[in-house]
Structures are given as C-alpha cells and as structure tokens.
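Asker: The structure that follows is given in the form of structure tokens.
The values are calculated or read from the model by the stated rules, or taken from the named source; none is laboratory data. Just so you know, these numbers come straight off a predicted model, no measurement behind them. Don't worry about glycine lacking a Cβ; one is built from the backbone with ideal geometry, like all the others, and counts go over all protein chains shown. Ligands, DNA and RNA are excluded from the accessible area calculation, which covers all protein heavy atoms including side chains. Shrake-Rupley method; radii C 1.70, N 1.55, O 1.52, S 1.80 Å.
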Amino acid sequence: MLDQTNTALVRVRDLQMHFPIYSGLLRRQTGAVKAVDSVSFDVMQGETLGLVGESGCGKSTCGRAILRLYDITGGEVTIDGTDIGQMSQSDLRTKRPTMQMVFQDPQASLNPRMTVEAIIREPLDEHTKLSAAEKEAKVGELMDAVGLNRRFAKRYPHAFSGGQRQRIGIARALALNPKFIVCDEPIAALDVSIQAQVVNLLEDLQEKYGLTYLFISHDLSMVRHIATRIAVMYLGKIVELAPRAELYSDPLHPYTKALLSAVPEPDPAIAQTRERIVLQGDVPSPANPPKGCNFCTRCPAVMPVCKDIEPTYQEVTPGRFVACHLFETTGTAEKTAGYI
Amino acid sequence: MPDGALQPGSADPVLDVRGLKTVFKVRGGEVHAVNNVSFDLRAGELLGVVGESGSGKSVTMMSLLGLLPSPPADVRGGSVRFEGQDLLHITPEQLRAVRGGRIGFVFQDPMTSLNPVFTVGYQIMEPLRAHMGLNKNAARARAQELLELVGIPGAAQRLDDYPHQFSGGMRQRVMIAIALACDPKVLIADEPTTALDVTIQAQIIELMKELRDKLGMAVIWITHDLGVIAGIADRVLVMYGGQVVEHAPVQELFRNPQHPYTRALLTTIPKISGERARRLTVIQGQPPILGDAPTACPFRDRCDVAIARCATENPPRYDLGGGHDAACFVAKGAVDA
C-alpha cells in the first residue's frame with residue numbers, strides 16, 4: 001500500500017482556478033465559475049493518484065491547472081521541489097520536460113498534418129539539442145516502448161485506430177523523460193477491449209521509468225484498478241481522499257458512497273441484491289454554489305449545519321481525508337451516526 | 001429488476017427480426033455492417049444488446065426503422081415482423097406511422113437530438129399531434145403528464161422551456177418522454193445513458209425499470225457497458241463484427257459465457273468490488289474491418305481458442321439449450337462432447 005516514508009513529488013495547496021463571468025453592457029465581471037476551489041493534496045513519488053468525479057466537477061481543470069496550462073487564481077503547486085504556481089511562462093518552459101500530459105481525445109490532440117514521427121519528435125526539437133540521428137533513434141525507442149511498429153513512423157494519425165493514437169500521445173508525453181504525467185481521461189474515448197491494453201501499457205511504463213501519475217477519470221472501476229490513492233471531487237472541491245482499499249471498502253463521505261453505489265456492477269447476482277443510493281437532482285452550477293457544504297442540496301444525510309457552514313477538509317484517520325460535518329471532530333458527528 | 005421474469009415462448013414475439021443484412025456503400029467498396037442478424041422481442045421484456053463501437057448494434061436497430069439514409073446504406077435482406085407487417089416492405093408513409101408511434105426511439109446524445117429552437121413542450125407535442133391526432137390543448141395536457149411521468153419537477157412550467165435550459169439528465173428524460181408519447185409497444189434505447197454521469201445514469205436506469213413495469217412495453221437497450229446490462233436486462237445479445245455472437249438470458253450469460261469474445265469481454269473489465277486483478281486481461285488486436293461479406297468467424301484473429309475451421313467457415317448460432325446460443329465451433333464442440 002501507501003508507503004508513508006515516500007516523499008511528495010507534487011504538492012498542491014489551496015489551488016484555486018476561477019473563470020470570470022462578464023456580463024452587462026460594460027462587460028464588467030459579475031461573478032466567477034469556481035471550477036477548482038481550494039484544493040490541496042500530494043502526489044507521492046512513483047504512485048498513481050486517481051482523481052474522480054462527475055463531469056463538470058473540475059477534475060480536468062484541476063489537472064491542467066497543476067501543469068500551469070492555465071494561469072491559476074491562487075494557491076501553490078510544487079513539482080519536484082519548485083513552486084510553479086506563480087512562475088512566468090518563460091521560466092515554466094524550462095520545467096516542462098519534467099511534467100507532461102496525456103489528453104482525453106487522441107483524435108483532437110494529435111496534429112493531423114504531422115506524421116507520427118514528427119509528433120513524437122516535436123518535444124525533442126523544442127527542448128533538447130540532440131542531433132537528427134539521435135532524435136530518430138529516440139523516436140524509434142519510444143515507438144517500441146509504447147508498442148507501435150516503427151514501420152508506421154511516416155504515417156499520419158488518421159491511419160491509426162483510437163487505441164494506437166492514444167499510444168502516440170503517450171509516446172509524445174514520454175519523449176522528454178518526465179517524472180510526472182497527468183493522464184486526463186486517457187481511456188474514456190476507447191472501446192472496452194482497447195481500454196485494458198492502454199491501462200496495462202501505462203502500468204508497464206510506470207514500472208519501467210518510475211513515473212508518477214495523476215490519473216483523471218470518471219470510471220471508478222478502472223481507477224480502482226490503476227490508482228494507489230484516490231481523490232473524489234465534487235463541484236470544485238475534494239470531498240474525500242483515501243488509499244484505494246479503504247475508499248472502496250469503506251467510503252466515508254456520503255457523496256463517495258452514492259457515487260460508488262451508482263457504478264453498474266457487471267454481475268446480475270450482485271446488481272439485483274445491492275442497495276443503490278440514487279441521488280436526487282443535478283449538480284448545482286459552479287458559478288453559484290450552495291451556501292455551506294457544496295453537496296448539501298443532494299446529500300441523503302444532510303443536517304442543518306451543512307446548509308450554513310462549509311465543512312473543513314481534514315485528516316480523520318492517518319492517510320484519509322474527508323470534508324464532511326459528519327466526521328468533524330468538533331461537532332455534530334454523533335447525532336447522525338449510522339444514517340445510511 | 002422486476003420479478004416478472006419471462007417464460008420463454010410464453011407469447012408471440014412483438015418484434016421478430018430474421019436474417020437482417022445492412023451494407024454501406026463507401027468509396028472503393030462496401031462495409032458489411034450488419035450480417036444475418038436475427039432476434040425476437042417479447043412483450044414486456046428488456047432485451048440488452050452489447051457490443052463495441054462498430055459491432056453493428058446501432059445500425060441494426062436503425063435498419064429496422066428505416067432510419068439510415070440510403071444511399072449509402074442498403075438494407076439487403078431479411079424480415080422484420082411487427083404487428084403483422086414486415087417493416088422492410090411497407091411504404092415510407094406506413095413506416096412513418098410506426099416510427100415514433102408504435103415504436104419509440106431514444107437516442108444516445110440528449111444534447112444533439114433535441115431541436116434547440118423549439119420548446120420542449122412543442123417537441124413532446126409533435127408526435128402526439130402527428131400520430132394520435134390530438135388537438136393542441138389535449139396534446140399539451142398529455143405532454144405535461146409525460147413530463148411528470150419521467151420525473152421532471154414543475155412540468156407545467158417547464159413545457160415552455162428550451163432544451164438548453166435543461167441539464168443532460170433532464171434532457172434525456174425529455175427524450176424518453178417523447179419516445180413514450182404515443183404509448184409505444186416497443187421502445188428502442190440506443191446507449192441512453194452513455195453521455196451521462198454515473199449518478200444520473202442510475203436515475204435514468206431506475207426510471208426505465210419503473211416505466212417498463214408501469215407501461216408494460218418491451219425495451220431494447222443498446223449499450224457497451226456490461227455493468228448496465230447486468231442490472232436491467234432479461235436477455236442479452238452480444239454483437240461482434242456485425243453479427244450476433246451470443247444470446248442468452250442475463251444470469252446465464254454472466255455465469256456461463258460460451259463465446260470466447262463474451263468471456264474475454266467479461267474478464268477485461270475491472271470490477272468495483274471483490275478481488276482486484278493485478279493485471280487486466282487484454283483482448284489482443286483490433287476489431288475487424290468489415291470490407292467483405294463474412295466467410296470466416298469475425299473474431300478468429302483475436303481468439304485464443306481458434307481452430308482451423310474458424311478461418312474457412314463463419315459459424316452459425318448453435319443452440320446450446322435453455323435459450324442460450326453462441327456462434328462458435330469451439331463452444332458447440334465443448335457442449336457436444
């Protein structure tokens with residue numbers, strides 16, 4: 001399981017990413033979409049941190065903000081000992097080789113006018129001073145590493161299937177020997193039988209190169225397979241973070257419970273006997289989140305305090321973090337114990 | 001799942017599809033998207049259809065209702081019996097009366113299948129006025145009833161809202177309301193929850209089960225998610241390469257899968273509970289390109305139990321007893337032995 005002596009490769013503290021809303025004749029700022037609102041977590045060296053949540057909860061924005069693909073509104077992001085939160089784009093450029101990204105849609109994230117070879121070589125052109133021959137050798141190596149036939153180096157992305165395109169994206173991310181890779185829903189666009197191929201590849205590469213992943217996904221079964229620890233996001237905040245085994249066997253936050261119970265189980269015997277918690281209603285708008293706890297509008301265990309005071313995100317047992325009044329040490333937890 | 005489990009052969013099928021073939025004409029050749037697909041649907045049952053993209057599951061259902069533009073699509077053969085008619089051999093006007101009337105269709109993407117410039121109320125009233133000849137007031141009353149049926153709060157007011165004012169899950173509820181408008185006997189739902197989040201998906205699944213029990217219609221549910229199928233279906237068709245490769249009652253399929261593809265598919269998905277696999281099982285290779293009429297088993301290149309015969313002959317669906325059949329020489333041989 002999680003090795004406590006491990007050091008954090010990535011430290012995120014109070015990360016905020018707000019997108020302003022302009023309205024009226026003068027286009028004045030009248031509000032903000034709080035896509036990521038005070039999120040804190042660590043990603044340990046060599047681990048895979050799963051980041052799960054429903055669409056619109058801010059998980060992709062969070063991943064992009066950590067790599068500074070956005071100018072963040074506030075907070076600290078420390079990667080490999082350097083705080084990049086407020087770093088200028090030119091300084092950031094020298095840090096880019098350590099942190100890379102694999103995107104969701106392999107169709108849209110590869111330039112259709114570049115050959116596979118050129119796509120994988122581009123980071124080498126930008127960031128290294130290798131000779132042409134060295135680059136060619138490196139591209140070949142990368143193609144072998146991700147299981148693409150070298151003979152296809154001169155082809156264009158359209159000639160490849162979805163799974164193979166995702167391999168090209170992974171090879172490109174690996175080109176500069178990164179330490180940290182944000183995988184933003186890398187398998188969401190792939191068929192079931194191809195998903196397993198890509199996940200196994202990511203695991204092999206992690207072992208071979210000692211990579212650290214932030215694995216963003218909405219597929220809770222797949223995250224259970226790949227991640228060491230898992231953070232659950234809801235409406236811009238992390239509601240629970242726990243090691244894999246604990247999170248799936250004993251979820252604490254009511255949202256995590258509901259989310260896990262909503263995942264369809266591929267076994268009719270279990271599917272028919274299992275108690276489902278069906279949440280009512282929809283996720284509120286992140287531009288206008290409810291007062292108090294963000295989840296209070298849909299929570300089956302809601303208490304009066306939830307509609308008033310925002311729960312603090314705190315460590316309830318070693319390695320387990322949760323933001324819920326039910327688990328706050330000073331307060332109302334006892335009253336509603338055993339509510340579900 | 002409702003306890004009204006079906007007794008096989010208890011009634012005549014509502015929908016009976018035999019030997020359906022659909023071919024797309026493309027530049028430089030043809031794509032044989034649906035090959036000799038046969039199945040029946042009984043009253044009140046929920047038939048799950050699973051398969052990966054390109055397996056022909058959506059094209060099959062669209063062929064039944066003449067929803068594919070021709071050209072490029074060409075429905076080459078087979079029969080589709082529904083209420084004493086063959087849907088493949090009736091006039092477009094007759095087919096139009098069936099479509100949206102006696103057979104409802106829910107599409108995958110609720111974001112793009114509603115018309116953004118008409119109110120939701122107008123779009124629900126459209127089939128009511130066209131198929132049932134209701135006047136404006138009666139149609140509006142019925143539309144409100146339908147919105148309430150699918151669980152949209154404040155239905156009377158929301159009839160005047162436009163699709164963009166609804167969330168994804170709500171739009172899918174509207175789509176279901178439209179499909180249910182004329183009391184269909186058969187509802188075909190093409191990946192109705194794929195575009196939705198899991199918590200919303202759970203809401204829609206519960207809703208569909210409830211409606212099926214309440215209205216007693218037969219449902220065909222197309223999906224690529226075996227988890228969804230396990231939770232709702234009575235019987236399952238597994239499609240691969242444009243063909244039905246396995247067909248069984250749901251319990252039987254998950255407990256005793258016979259086709260190597262079904263078996264591989266069941267081991268390749270990670271589970272949310274129980275033992276965690278150290279490594280995912282992989283189905284090697286890619287799905288087939290259906291350039292020619294099939295002369296061999298479409299799964300043979302990825303199959304780990306393939307025999308010589310698989311490359312020379314396309315296996316028919318062998319009856320394995322108990323309403324279970326599989327298109328596989330090896331499965332047939334194992335059962336016979």
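Asker: Of the residues that make up the range A:74-82, is at least one of a type in the set (A, V, I, L, M, F, W, C) and closer than 18 Å to A:Ser38 by Cα?
Answerer: yes
Asker: Can you pull out the residues in the range B:304-315 that are open to solvent by 30 Å² or more (accessible area, probe 1.4 Å), over 30 Å from A:Val223 (Cβ atoms) and either at pLDDT below 85 or in contact with a helix residue (DSSP H, G or I) (Cβ under 9 Å, 6 or more places away or on another chain) (or both)?
Answerer: Those that are open to solvent by 30 Å² or more (accessible area, probe 1.4 Å), over 30 Å from A:Val223 (Cβ atoms) and either at pLDDT below 85 or in contact with a helix residue (DSSP H, G or I) (Cβ under 9 Å, 6 or more places away or on another chain) (or both): B:Val305, B:Ala306, B:Ile307, B:Arg309, B:Ala311, B:Glu313.
Asker: Among B:Ile229, B:Ile220, B:Ile283, B:Ile272, which is β-branched (Val, Ile, Thr) and touching a Gly at 6+ places or on another chain (Cβ under 6 Å)?
Answerer: Step by step, each of B:Ile229, B:Ile220, B:Ile283, B:Ile272 is checked, and only B:Ile229 is β-branched (Val, Ile, Thr) and touching a Gly at 6+ places or on another chain (Cβ under 6 Å).
Asker: Here is a follow-up. Take the residues in the range A:164-173 that are within 20 Å of the chain's Cα centre (by Cα) and open to solvent by 10 Å² or more (accessible area, probe 1.4 Å); name whichever of them is farthest from the other protein chains (Cβ to nearest Cβ).
Answerer: The qualifying residue farthest from the other protein chains (Cβ to nearest Cβ) is A:Arg172.
Asker: Right, another one. Among the residues of the range A:254-294, which ones are within 22 Å of A:Arg224 (Cα to Cα), of a type in the set (D, E, K, R) and touching an Asp or Glu at 6+ places or on another chain (Cβ under 8 Å)?
Answerer: The answer is A:Arg274, A:Arg276.
Asker: Just to check your reading of the model, which residue among B:Ala5, B:Ala33, B:Ala11 is part of a strand (DSSP E or B) and either at pLDDT below 90 or touching a helix residue (DSSP H, G or I) at 6+ places or on another chain (Cβ under 9 Å) (or both)?
Answerer: B:Ala33
Asker: Pairs, please: C-beta under 8 Å, at least 6 apart or cross-chain, first residue more than 8 Å from chain B (Cβ to nearest Cβ) and in the range A:185-208, second surrounded by 21 or more Cβ atoms within 10 Å (Cβ to Cβ) and among the basic types (Lys, Arg)?
Answerer: Once the first residue is more than 8 Å from chain B (Cβ to nearest Cβ) and sits in the range A:185-208, its partners that are surrounded by 21 or more Cβ atoms within 10 Å (Cβ to Cβ) and among the basic types (Lys, Arg) give A:Val198/A:Arg167; A:Leu201/A:Arg167.
Asker: I've got another one for you. List, please: which pairs have Cβ atoms under 7 Å, are six or more places apart or on different chains, and start with a residue in the range A:258-280 that is at the interface with chain B (Cβ under 7 Å from one of its Cβ atoms) and farther than 19 Å from B:Ile200 by Cα and end with one that is aromatic (Phe, Trp, Tyr) and open to solvent by 20 Å² or more (accessible area, probe 1.4 Å)?
Answerer: The qualifying pairs are A:Asp267/B:Phe254; A:Pro268/B:Phe254.
Asker: Turning to a different aspect of this structure: From the list A:Glu54, A:Glu47, which residue is buried (at least 19 other Cβ atoms within 10 Å of the Cβ), in contact (Cβ under 8 Å) with a residue 60 or more places away in the chain and over 25 Å from A:Ala171 (Cα atoms)?
Answerer: Only one candidate passes the filter, namely A:Glu54.
Asker: How do the pairs read when you match residues in the range A:67-82 that are without any contact (Cβ under 8 Å) to a residue 24 or more places away in the chain with residues anywhere that are surrounded by 15 or more Cβ atoms within 10 Å (Cβ to Cβ) and not hydrophobic (A, V, I, L, M, F, W, C), using Cβ under 7 Å and keeping only pairs 6 or more apart or on different chains?
Answerer: Between residues of the range A:67-82 that are without any contact (Cβ under 8 Å) to a residue 24 or more places away in the chain and residues that are surrounded by 15 or more Cβ atoms within 10 Å (Cβ to Cβ) and not hydrophobic (A, V, I, L, M, F, W, C), the close pairs are A:Thr82/A:Lys95.
Asker: I'd like to know if the range B:114-135 contains one or more residues that are of a type in the set (A, V, I, L, M), out of contact with any helix residue (DSSP H, G or I) (no Cβ under 8 Å at 6 or more places or on another chain) and at pLDDT 90 or above.
Answerer: yes
Asker: Additional query: Which of the residues spanning the range B:92-109 are at pLDDT below 85 and open to solvent by less than 20 Å² (accessible area, probe 1.4 Å)?
Answerer: B:Gly101, the sole residue that qualifies.
Asker: Next up: Counting only residues that are in a helix (DSSP H, G or I) and either farther than 23 Å from B:Glu206 by Cα or open to solvent by 30 Å² or more (accessible area, probe 1.4 Å) (or both), how many does the range A:260-270 have?
Answerer: Total meeting the criteria: 2.
Asker: List the strands (runs of 3 or more DSSP E) inside the range A:1-107, counting only whole elements, that have at least 1 residues being within 14 Å of chain B (Cβ to nearest Cβ).
Answerer: Filter on the range A:1-107 gives A:48-52.
Asker: Go through the range B:256-276 residue by residue and tally those that are more than 8 Å from every other protein chain (Cβ to nearest Cβ) and open to solvent by 50 Å² or more (accessible area, probe 1.4 Å).
Answerer: 5
Asker: Keeping to the range A:77-115, report how many residues are closer than 19 Å to A:Arg150 by Cβ and either exposed (fewer than 15 other Cβ atoms within 10 Å of the Cβ) or within 26 Å of the chain's Cα centre (by Cα) (or both).
Answerer: 2
Asker: Among the residues of the range A:204-232, which ones are within 16 Å of the chain's Cα centre (by Cα) and acidic (Asp, Glu)?
Answerer: A:Asp219
Asker: Is the range A:133-147 home to any residue that is open to solvent by 40 Å² or more (accessible area, probe 1.4 Å) and within 13 Å of another protein chain (Cβ to nearest Cβ)?
Answerer: The answer is yes, given that some residue of the range A:133-147 is open to solvent by 40 Å² or more (accessible area, probe 1.4 Å) and within 13 Å of another protein chain (Cβ to nearest Cβ).
Asker: Hey, can you tell me all the residues within the range A:302-323 that are part of a loop (DSSP other than H, G, I, E, B) and either touching a Lys or Arg at 6+ places or on another chain (Cβ under 9 Å) or surrounded by fewer than 18 Cβ atoms within 10 Å (Cβ to Cβ) (or both)?
Answerer: The answer is A:Met303, A:Asp308, A:Ile309, A:Glu310, A:Thr312, A:Pro318, A:Gly319.
Asker: Here is a follow-up. Can you tell me how many residues within the range B:40-58 are within 16 Å of B:Val17 (Cβ to Cβ), of a type in the set (A, V, I, L, M) and open to solvent by less than 30 Å² (accessible area, probe 1.4 Å)?
Answerer: Number satisfying all stated conditions: 3.
Asker: All but one of (1) more than 14 Å from chain A (Cβ to nearest Cβ); (2) open to solvent by less than 10 Å² (accessible area, probe 1.4 Å) hold for B:Thr199; state the number of the condition that does not hold.
Answerer: B:Thr199 satisfies all of (1) more than 14 Å from chain A (Cβ to nearest Cβ); (2) open to solvent by less than 10 Å² (accessible area, probe 1.4 Å) except (1).
Asker: Then there's this: Are any residues in the range B:273-296 touching a helix residue (DSSP H, G or I) at 6+ places or on another chain (Cβ under 8 Å) and more than 27 Å from B:Gly227 (Cβ to Cβ), and if so, which ones?
Answerer: Of everything in the range B:273-296, just one residue is touching a helix residue (DSSP H, G or I) at 6+ places or on another chain (Cβ under 8 Å) and more than 27 Å from B:Gly227 (Cβ to Cβ), namely B:Ala296.
Asker: How many residues, within the range B:289-302, are in a loop (DSSP other than H, G, I, E, B) and away from every other protein chain (no Cβ under 12 Å)?
Answerer: 9
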